[in-house]
Amino acid sequence: MESTITNNYFWLFFHSVGKRAMNVINNLGAVVIFFTLAFLKIFRPKQIREIVQQVFYIGAKSSNIVILVGLFTGMVLGLQLFYTLNKFGSKGVLGSVVALTLIRELGPVLTAIMITARAGSAMTAEIGILRISEQIDALYTMRIDPQRYIISPRIAAAIISFPLLTAFFDLVGILGGYLTGVLLLGVDSGAYFYRIHSYVDLVDIRGGFIKSIVFAVLVSTACCYQGYFTHLRTDSYGAKSVSLSTTSAVVFSCVMILISDYVVTSFLM
């Protein structure tokens, strides 16, 4: 009798694990198909106007917060690294350490998180409202492909905007490190920029841009997917489903940014 009960518990445990694993695999497959179809439709004609509008919304309107965060990130790095390097008598390499930290790691990651918080959440909410108000269904009745009209321009705009904003973040962050290290703490100005020129290679810059493109694909796909399929949520409906989809999109995007950052870094090292 006890062995039968034990076997039943084992069966229920493995059944639960297998069911969750299959759900994860099914969802990942759906996301991949969703992105592939939307990405291929980017190259259809008459897409330029919508892409430019989304570049303005995702990129230009996010530039202020990205520049602000980049400036203070560089200032904090300059301050913290100065005292750390000064203990080892290496404060002359402050410029190279600040620049490499921003270009290889913090620039792409923090830029992606800032865009997710500002534009990604709005993207999910907007598409979710279009879905629950049946405007996407109306596009089907007018023989307009919703993915080509709504999803593809946002993915294309994200792929364009993320690297550009990452470059802005890096430049402003290096300037912030200069303000702290040179103007406030007395590091030689020539040494600061000379170390940057000597130690920062094209490989480092290329790695940062590769990360930003990967983050752009992940964030735009996750946010658009959550909004597009808001009506299929089983835990809520209506306006609440939009709010939950937005929360899920932002949390999932931030987690995937950190996970993919490790994976991409391991390949680029």
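The values are calculated or read from the model by the stated rules, or taken from the named source; none is laboratory data. It should be emphasised that the depicted structure is a prediction, and the values quoted were computed from it without experimental measurement. Please note: Cβ atoms are built from the backbone with ideal geometry, for glycine as well, and neighbour counts cover all protein chains shown.
For residues that are of a type in the set (Lys, Arg) and over 28 Å from PHE169 (Cα atoms), scanning just segment 113-145, find the one that is surrounded by the fewest Cβ atoms within 10 Å (Cβ to Cβ). Break it down into steps so the answer makes sense when it comes.
Filtering segment 113-145 for residues of a type in the set (Lys, Arg) gives 118, 131, 143.
Next cut, over 28 Å from PHE169 (Cα atoms) only: 131, 143.
Values: ARG131: 22, ARG143: 6.
Ranking the candidates gives ARG143 first.
Only one of ILE127, ILE25, ILE58 is more than 29 Å from GLY207 (Cβ to Cβ) and touching a Gly at 6+ places or on another chain (Cβ under 9 Å). Can you tell me which?
Details: ILE25 fails: touching a Gly at 6+ places or on another chain (Cβ under 9 Å); ILE58 fails: more than 29 Å from GLY207 (Cβ to Cβ).
None of the others qualify; the one that does is ILE127.
Filtering segment 186-197 down to residues that are in contact (Cβ under 8 Å) with a residue 40 or more places away in the chain and farther than 18 Å from LEU171 by Cβ, which residue is surrounded by the most Cβ atoms within 10 Å (Cβ to Cβ)? Spell out how you get there, then give the answer.
Here is the first cut: in segment 186-197, the ones in contact (Cβ under 8 Å) with a residue 40 or more places away in the chain are 187-188, 191-196.
Cutting the leftovers down to farther than 18 Å from LEU171 by Cβ gives us 187-188, 191.
Details: VAL187: 24, ASP188: 15, ALA191: 17.
Here the answer is VAL187.
Is it the case that segment 37-44 has a residue that's within 28 Å of ILE151 (Cα to Cα), outside any helix (DSSP H, G or I) and modelled with pLDDT under 90? Steps first, please.
Going residue by residue through segment 37-44, those that are within 28 Å of ILE151 (Cα to Cα) are 37-44.
Add one more test, that the residue is outside any helix (DSSP H, G or I), and what stays is 44.
Remaining after also requiring modelled with pLDDT under 90: 44.
Within segment 37-44 (the criterion being within 28 Å of ILE151 (Cα to Cα), outside any helix (DSSP H, G or I) and modelled with pLDDT under 90), the answer is yes, since at least one residue qualifies.
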Task: Verdict on ILE103 being within 30 Å of ILE33 (Cα to Cα) and surrounded by 21 or more Cβ atoms within 10 Å (Cβ to Cβ) - done: no
TODO: Check whether at least one residue in segment 49-70 is in contact (Cβ under 8 Å) with a residue 40 or more places away in the chain, hydrophobic (A, V, I, L, M, F, W, C), under 30 Å from ASP145 (Cα atoms) and touching a Pro at 6+ places or on another chain (Cβ under 6 Å), and report yes or no.
DONE: yes
TODO: Counting only residues that are in contact with a helix residue (DSSP H, G or I) (Cβ under 9 Å, 6 or more places away or on another chain) and at pLDDT 90 or above, give me the helices (runs of 4 or more DSSP H) lying completely in segment 106-197 with at least 2 of them.
DONE: 107-115, 121-132, 152-178
